[in-house]
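Rule-based calculations on the coordinates, nothing more; no lab input. As the structure is a prediction and not an experimental result, all values here were calculated from the model. Here the Cβ positions follow ideal geometry from the backbone for every residue, glycine too, while neighbour counts run over all protein chains shown.
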Amino acid sequence: MKIESYVFAEESDIAVALKHAEAATKASDEAIVEHAEAAKAHAKAADEHLDAGIKSLEAAIEHGKMGHADMAKKSAEEAVTHLKAIK
C-alpha cells in the first residue's frame, strides 16, 4: 500500500508528521512502516527548520551585541521564516 504524502500538503511538516504518526498507530500491518517513514521525514524537515531558526536567532543576538542593527534584523527575519515553516 502506497501512502500519499500530498494528502496533508497544505499543512506544516510538524502537523503532517503528527498525522502520519497517529495514522501509524491505527494502520494495517502493511501501512505502519509507510506512515512511520513519512512521519519521520516530515519531523526531520521540521527539525531542520528549527535548527536554522535557532542559528538565525543566535546570529541576530551576536549582530545586535555588536551594534549591527540591520544585520540583526535580517537574521531575526530569517528566524521568523524558519519558525513559521514549523508551525
Per-q log10 I(q)/I(0), the chain, q = 0.13, 0.16 Å⁻¹ (Debye; single scatterer per alpha-carbon; no solvent): -0.51, -0.64
Cut-off 12 Å between beta-carbons: net charge of the residues surrounding residue 49, Lys and Arg +1, Asp and Glu -1: -1
Potential lengthening between residue 31 and residue 44 on full extension [0.36 nm per residue; Cα-Cα distance subtracted]: 2.7 nm
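For the residues 82, 68, what sequence is obtained by ranking on other C-beta atoms within 10 Å, fewest first?
Numbers: 82 18, 68 15.
Sorted ascending by nearby Cβ count, the order is 68, 82.
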16 Å cut-off, amide nitrogen to a point 7 angstrom out along residue 21 Cα→Cβ, residues in the range 72-87: 86-87
Exposure proxy order (Cβ contacts within 10 Å, fewest to most) of 13, 70: 70, 13
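Taking 0.36 nm per residue of sequence separation and subtracting the Cα-Cα distance, how much length would be gained by fully extending the chain between residue 65 and residue 80, in nm to one decimal? Show your work: numbers first, answer last.
Working: separation 15, 0.36 × 15 = 5.40 nm, distance 1.94 nm.
Taking residue 65 through residue 80 to full extension adds about 3.5 nm, to one decimal.
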Computed [θ] at 222 nm, deg cm²/dmol, the chain (DSSP H ≥ 4; -39,500 (n - 2.57); rounded to nearest 500): -28000 deg cm²/dmol
